[in-house]
Amino acid sequence: MPFKSIKDAISNIESKKISIRELNLEFIKKIKDNKNLNIFIYFDEKKIINQIDNLEKDNSNKKLKGIPLAIKDLFCTKDMPTTAGSKILENFNPTYESFVTQKLINDGAIFVGKTNLDEFAMGSATDTSYFGNTINPLSKKDNPLAPGGSSGGSAAAVAADLCLGATGTDTGGSIRQPASFCGVVGIKPTYGLCSRWGIAAFASSLDQAGVFTNNVEDSSILLETIAGFDQRDSTSSNVNIPNYFDNLNDDLSGMTVGIPKEYTIDGMPEEINLIWEESKKVLENKGVKIKNISLPHTKYALPTYYIIAPAEASSNLARYDGVKYGFRANGISSLDEMYEQTRGEGFGKEVKRRILIGTYVLSAGYYDAYYLKAQKVRKLIANDFKEAFKECDFIVTPTAPSAAFPLNEKKQDPIKMYLNDVFTVPASLAGLPGISIPFGKDKNNLPLGIQILGKHFDEQLVFNVALSLERSSE
Amino acid sequence: MVVGLEVHAQIKSNSKLFSSSSTTFGSSPNSQVSLVDAAMPGMLPVINEFCVKQAIKSGIGLRAEINKYSVFDRKNYFYADLPQGYQISQFKYPIVGKGKVSIDLKDGTSKNIRIVRLHLEQDAGKSLHDQNPSKTYVDLNRSGVALMEIVSEPDISSAEEAGLYISKIRSILMYLDTCDGNMQEGSLRADVNVSVRKPNDKLGTRCEIKNLNSIKFIKQAIDYEAKRQIKIIEDGGEINQNTLLFDTQTGKTKPMRSKEEAHDYRYFPDPDLLPLEIDDDEIKNIKNNILELPDERIERYIAEFGLSKYDASVLTIERSVSDYFDEVIKSNKALQGHAKIVSNWISTELFSLLKKDNLDISTSPVSPKDLGELIILLTTNVISGKIAKEVLTEMFSSKKSAKYIVEKEGLKQMTDSSEIETIIEKILSENQKMVNEYKSGKTKLLSYFVGQVMKETKGKANPKLLNEILFKKLN
């Protein structure tokens with residue numbers, strides 16, 4: 001592999017040390033060699049060659065010209081099918097391009113394929129996909145590991161060097177947790193920074209696009225491209241997007257980091273506490289003041305999330321009914337039967353579970369006790385952060401309570417699976433930006449992630465802290 | 001009888017509530033469907049500001065509170081013509097709150113009907129069951145079109161009042177230009193809640209009749225339903241809370257679904273949309289741009305032209321008619337004193353001609369100015385009423401002015417008494433035998449002589465003069 005960074009690839013293409021075609025052919029070969037990992041739902045070599053041909057004819061200067069990227073199969077793409085990892089969209093070909101992928105196309109990126117994910121992004125191990133599970137590239141031969149989820153395909157694609165970057169979406173940790181499991185950098189920006197237009201919805205008030213890369217610099221380059229206001233998304237924010245890459249600065253002197261005491265759970269491997277301690281030490285050496293903080297409602301975050309997200313999902317997924325597009329069951333004789341059979345056969349077990357939970361918590365008689373209460377708690381959680389940020393500039397926590405676990409280990413136990421999101425969900429509920437960067441290993445030599453959380457739209461500082469920690473661990 | 005109405009009024013707007021698709025009625029199926037309307041994956045609603053303004057305007061017209069904070073909710077249910085699997089509506093926080101509408105009854109009194117709320121919502125598409133024996137087709141042209149649901153308190157106590165209420169709502173919205181009021185095309189339709197009780201008893205169990213799209217059907221349905229309920233109670237039975245449909249063929253209501261089958265719509269705030277916040281300036285702005293409303297116009301007609309309240313309210317109910325009336329009056333100051341005559345000529349003579357040619361008053365071949373001219377000729381005795389009717393018919397077909405026609409056809413009334421006298425003498429001398437009969441007591445022959453003179457003068461003789469002179473000559 002010639003390069004592991006977008007930054008290097010860009011400069012080598014510009015100085016003509018390598019052509020766009022040469023670069024991409026190497027990635028194509030690597031993708032073909034790693035088919036066993038089941039990272040891509042859609043991969044067609046001809047489509048990549050087409051993109052190369054077009055870019056070679058294009059004389060304009062484009063920031064990401066020729067950079068191979070993988071796209072989570074939740075983003076609707078015009079030239080490639082979009083499945084959301086579900087049978088119900090098995091043969092769905094959108095006639096439109098999502099906001100985020102369009103921005104990447106405008107900047108000259110090449111899409112190598114669409115990556116596997118948990119069905120409709122519901123999962124933490126990329127094992128609920130209709131197209132089978134993805135294998136973590138860091139697995140030993142006899143012990144296949146989960147890549148995390150739901151953006152497990154994208155995280156694995158970057159970790160296995162099948163591309164230089166990938167898009168993901170994060171609703172409760174779906175970028176940060178797989179980034180941690182696969183040992184790559186993954187950022188979920190502030191809710192509203194990137195338009196949700198053209199991303200199949202899971203939970204509208206939480207869904208946010210982001211990116212996976214091999215390093216923090218690349219992350220800042222890609223995020224700058226996909227961020228921005230879009231009037232077609234009413235929740236998109238009209239804020240100024242700084243030039244994150246040009247403004248990168250690892251000088252953090254005079255800053256204060258918040259260390260929340262609630263971010264630890266029973267049975268968490270000791271190494272996670274060790275890397276957390278290590279991160280504090282690094283920051284302290286950089287002149288950062290350590291402040292122990294409390295986010296008192298953290299323990300309610302997970303149950304709150306597992307009410308709000310399924311509630312929204314139960315409604316968002318109602319459109320998959322067999323009437324207009326996608327899968328429709330055979331041998332039906334009435335409208336009700338069409339709904340029952342189509343949705344019964346078209347959705348997997350986890351999606352059905354969440355639709356049921358969501359339907360239940362919104363039902364007459366239960367709404368106040370569940371949904372309404374969860375909305376109130378969500379406000380309290382957001383307020384915890386607001387208070388905390390009066391005392392600190394950013395917050396550092398572990399990303400996940402464990403390293404990558406063996407495939408299928410938690411598949412039978414949804415509660416255990418949901419626990420994976422325990423450190424990522426609070427920031428999602430508060431709409432805050434968070435990044436996970438690889439920072440140390442566990443006793444099995446598997447990567448562990450550190451999460452940096454910032455104030456709303458303070459992605460620049462999140463990147464700066466991440467860069468600082470990244471440089472210290474090199 | 002206790003009646004409350006939920007009126008669904010389609011907002012007059014070129015594009016839909018949350019998408020930019022066109023709202024033109026009668027286009028070929030599925031030709032006005034955006035990605036948002038078809039609920040494609042990843043598509044998001046964006047509020048159409050114009051529709052919000054229209055709702056505020058309507059709220060002001062209903063003399064209602066405008067809520068500066070309102071929220072869009074999702075009403076979840078499955079149906080083939082509901083692509084999202086939910087309707088975006090407003091549940092807990094509607095854009096418009098309490099208001100009132102005044103209706104003018106035949107006996108000259110007025111009654112206020114209280115409005116509970118007005119909220120914005122999306123219309124559904126249409127399921128077409130009659131295109132194929134074994135299939136249902138779906139047309140999404142209407143999917144996402146903006147509706148205002150206007151909910152009344154149960155202040156209505158007869159079918160007649162319900163008819164007046166919906167006419168008034170329609171009138172107000174059409175004055176404001178926020179709804180085209182076309183009930184045939186479904187731009188305005190109503191769900192009607194009916195219950196009955198003995199005087200001073202507590203409210204009875206109500207039944208809801210869905211989707212009525214004409215004032216006639218609304219009145220018929222209410223009358224039928226009230227009778228049905230009274231009969232059940234008088235027979236010792238109980239009313240079950242039901243949702244009903246009105247069969248326009250049989251004139252009867254029939255159950256659609258009962259309470260036990262009622263949906264749980266699982267309303268919750270739509271996370272794709274931010275709450276709607278409106279500031280005072282915007283409301284003030286809209287208020288300042290509202291011209292005259294029906295009630296204000298009624299007051300003006302009473303004060304300026306001395307019309308009765310009932311006449312004024314009949315005249316103003318259709319804005320186009322009332323506008324036409326105003327134009328006629330405006331065309332000549334002299335007409336201000338003849339408002340009642342103008343009103344009669346519009347509502348009888350002009351309307352019968354329009355109806356015959358299936359025309360709307362806004363496309364009348366006779367302009368308000370031309371009608372004004374005709375009425376001036378009439379009220380200044382230049383022509384008689386009978387001639388005026390003939391002139392109007394001629395104006396209608398030839399589009400010539402009244403003066404031109406009267407001039408060209410020589411239709412001016414004969415008001416020279418010596419001229420009339422000469423003709424009378426001629427007629428009498430030609431009918432000497434009948435004159436004798438008259439004189440011997442057959443006075444009924446007077447009208448025969450009048451008729452003969454009119455025939456001779458082609459109807460132009462001033463009737464009053466003619467009668468006077470003839471009477472003198474015969475006696």
Please note which strands (runs of 3 or more DSSP E) are completely contained in segment B:72-121 and include at least 2 residues that are over 16 Å from B:Leu62 (Cβ atoms) and modelled with pLDDT under 95. none
For segment B:44-62, check the following and say yes or no: at least one residue is more than 10 Å from every other protein chain (Cβ to nearest Cβ), aromatic (Phe, Trp, Tyr), out of contact with any strand residue (DSSP E or B) (no Cβ under 7 Å at 6 or more places or on another chain) and part of a loop (DSSP other than H, G, I, E, B). no
Within segment A:305-322, the residues that are outside any helix (DSSP H, G or I) and more than 9 Å from chain B (Cβ to nearest Cβ) are A:Gly322
Residue by residue through segment B:91-115, note down the ones that are out of contact with any Asp or Glu (no Cβ under 6 Å at 6 or more places or on another chain) and closer than 22 Å to B:Asn67 by Cβ. B:Lys92, B:Tyr93, B:Pro94, B:Ile95, B:Val96, B:Gly99, B:Lys100, B:Val101, B:Asn112, B:Ile115
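Does B:Pro29 satisfy the criteria of being in contact (Cβ under 8 Å) with a residue 40 or more places away in the chain, in a loop (DSSP other than H, G, I, E, B) and within 12 Å of chain A (Cβ to nearest Cβ)? Full working, then the answer.
Working: in contact (Cβ under 8 Å) with a residue 40 or more places away in the chain: yes; in a loop (DSSP other than H, G, I, E, B): yes; within 12 Å of chain A (Cβ to nearest Cβ): no.
Spelling it out, it is not the case that B:Pro29 is in contact (Cβ under 8 Å) with a residue 40 or more places away in the chain, in a loop (DSSP other than H, G, I, E, B) and within 12 Å of chain A (Cβ to nearest Cβ).
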Residue that is farthest from the chain's Cα centre (by Cα), among those in segment B:61-98 that are under 27 Å from A:Val323 (Cα atoms) and small (Gly, Ala, Ser): B:Gly85
Can you tell me which of (1) assigned to a helix (DSSP H, G or I); (2) free of Cβ contacts under 8 Å to residues at least 40 places away in the same chain; (3) over 23 Å from B:Glu149 (Cβ atoms); (4) not hydroxyl-bearing (Ser, Thr, Tyr) is the one B:Phe217 doesn't meet? (3)
Filter the helices (runs of 4 or more DSSP H) completely within segment A:362-458 down to those with at least 3 residues that are out of contact with any Leu (no Cβ under 9 Å at 6 or more places or on another chain) and at pLDDT below 95. A:414-418
With the requirement that a residue be closer than 22 Å to A:Asp79 by Cα, part of a helix (DSSP H, G or I) and not acidic (Asp, Glu), what does segment A:103-152 give you? A:Lys103, A:Leu104, A:Ile105, A:Asn106, A:Phe120, A:Ala121
Suppose we filter A:Phe120, A:Phe99, A:Phe111, A:Phe92 for residues that are touching a Leu at 6+ places or on another chain (Cβ under 7 Å) and within 13 Å of chain B (Cβ to nearest Cβ); which single one remains? A:Phe120
Determine if segment A:282-290 includes at least one residue that is within 14 Å of chain B (Cβ to nearest Cβ) and among the charged types (D, E, K, R). no
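Could you list, in sequence order, the residues of segment A:341-361 that are part of a helix (DSSP H, G or I), more than 10 Å from chain B (Cβ to nearest Cβ) and not small (Gly, Ala, Ser)?
Scanning segment A:341-361 gives A:Gln341, A:Thr342, A:Glu345, A:Lys349, A:Glu350, A:Val351, A:Lys352, A:Arg353, A:Arg354, A:Ile355, A:Leu356, A:Ile357.
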Tell me whether segment A:208-230 contains one or more residues that are within 14 Å of chain B (Cβ to nearest Cβ), modelled with pLDDT of 95 or more and assigned to a strand (DSSP E or B). yes
For the condition away from chain A (no Cβ under 14 Å) and part of a loop (DSSP other than H, G, I, E, B), what is the one hit in B:Ser13, B:Ser34? B:Ser13
Do we have B:Ile215 as surrounded by 16 or more Cβ atoms within 10 Å (Cβ to Cβ), more than 27 Å from the chain's Cα centre (by Cα) and more than 14 Å from chain A (Cβ to nearest Cβ) here? no
Screening B:Tyr86, B:Tyr77 for residues that are buried (at least 21 other Cβ atoms within 10 Å of the Cβ) and within 9 Å of chain A (Cβ to nearest Cβ) leaves only B:Tyr86
Test: B:Ile346 is touching a residue at least 24 places away in the same chain (Cβ under 8 Å), assigned to a helix (DSSP H, G or I) and surrounded by 15 or more Cβ atoms within 10 Å (Cβ to Cβ): yes
Could you please give the count of residues in segment A:39-77 that are within 12 Å of chain B (Cβ to nearest Cβ) and either modelled with pLDDT under 95 or surrounded by fewer than 19 Cβ atoms within 10 Å (Cβ to Cβ) (or both)? 0
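Listed residues A:Ala179, A:Ala160; which is crowded, with 24+ Cβ neighbours inside 10 Å and either more than 14 Å from chain B (Cβ to nearest Cβ) or in contact (Cβ under 8 Å) with a residue 12 or more places away in the chain (or both)? Give the steps one after another, and end with the answer.
Working: A:Ala160 fails: crowded, with 24+ Cβ neighbours inside 10 Å.
Only one candidate passes the filter, namely A:Ala179.
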Restricting segment A:42-98 to residues that are in contact (Cβ under 8 Å) with a residue 60 or more places away in the chain and acidic (Asp, Glu), the one nearest to A:Gly149 (Cα to Cα) turns out to be A:Asp73
Within segment A:439-450, identify whether any single residue is surrounded by 21 or more Cβ atoms within 10 Å (Cβ to Cβ) and farther than 16 Å from A:Ser279 by Cβ, and answer yes or no. yes
Which residue is nearest to the other protein chains (Cβ to nearest Cβ), if the candidates are limited to segment A:233-262 and must be over 16 Å from A:Ala466 (Cβ atoms) and not in a loop (DSSP other than H, G, I, E, B)? A:Pro260
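State yes or no: is A:Ala200 buried (at least 24 other Cβ atoms within 10 Å of the Cβ), within 14 Å of another protein chain (Cβ to nearest Cβ), farther than 13 Å from A:Asp421 by Cβ and in contact with a helix residue (DSSP H, G or I) (Cβ under 9 Å, 6 or more places away or on another chain)?
Criteria met by A:Ala200.
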Would you confirm whether any residue within segment B:158-178 is acidic (Asp, Glu), more than 14 Å from chain A (Cβ to nearest Cβ), in contact (Cβ under 8 Å) with a residue 60 or more places away in the chain and under 25 Å from B:Tyr224 (Cβ atoms)? yes
Can you list the strands (runs of 3 or more DSSP E) lying wholly within segment B:134-209 that have 2 or more residues being within 26 Å of the chain's Cα centre (by Cα) and modelled with pLDDT of 95 or more? B:146-152, B:188-195
Hey, can you tell me all the residues within segment A:323-335 that are within 8 Å of chain B (Cβ to nearest Cβ) and either touching a residue at least 60 places away in the same chain (Cβ under 8 Å) or of a type in the set (Gly, Ala, Ser) (or both)? A:Tyr325
Might you check whether a residue that is within 14 Å of chain B (Cβ to nearest Cβ) and either surrounded by fewer than 24 Cβ atoms within 10 Å (Cβ to Cβ) or more than 16 Å from A:Ala157 (Cβ to Cβ) (or both) occurs anywhere in segment A:184-191? yes
Given the conditions (1) part of a loop (DSSP other than H, G, I, E, B); (2) hydrophobic (A, V, I, L, M, F, W, C); (3) within 14 Å of chain B (Cβ to nearest Cβ), report the number of the one that A:Met338 does not fulfil. (1)
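The values are calculated or read from the model by the stated rules, or taken from the named source; none is laboratory data. Everything numeric in this text was worked out from a predicted model, so none of it was measured. Note that we place each Cβ from the backbone using ideal geometry, even for glycine, and neighbour counts take in every protein chain shown.
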